[in-house]
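Below is one structure, written out as structure tokens; the observations come after it.
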Amino acid sequence: MLTTVYAIIAVLFLVLTFLEGRRKDLPWSPYRAFGLLLCAVWPALLVYVLATAAIEHYGDRSSKIAKRPDGF
């Protein structure tokens, strides 16, 4: 299911970027090809950044809980 959603988003942005370049009659260059490649990669990068931020924020909470000196 998530792979399908990812593919739909990536293909949508890939098509929109391709059509923008075609509408502006841009020549093919390494930068244009790299831009199209990034359309497929950025959703994974977003998931990675959000997951890393969540782990940093909500990570190992047990080590951050203040413990009473008497052991309770």
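The values are calculated or read from the model by the stated rules, or taken from the named source; none is laboratory data. Owing to the predicted nature of the structure, the values given are computational and were not obtained by experimental measurement. With ideal geometry, Cβ positions are generated from the backbone for all residues, glycine too; neighbour counts draw on all protein chains shown.
Brief remarks follow.
- Remark: ARG32 falls outside the filter, which requires a residue to be exposed (fewer than 10 other Cβ atoms within 10 Å of the Cβ) and either basic (Lys, Arg) or without any contact (Cβ under 8 Å) to a residue 60 or more places away in the chain (or both).
Yes/no matrix, rows are residues, columns are (1) modelled with pLDDT of 90 or more; (2) part of a loop (DSSP other than H, G, I, E, B):
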site	(1), (2)
THR3	no, no
LEU16	yes, no
PHE34	yes, no
ALA66	no, yes
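- Top-ranked residue in segment 1-26 [being among the polar types (S, T, N, Q) and loosely packed, with under 11 Cβ neighbours inside 10 Å; ranked as nearest to ALA44 (Cα to Cα)]: THR3
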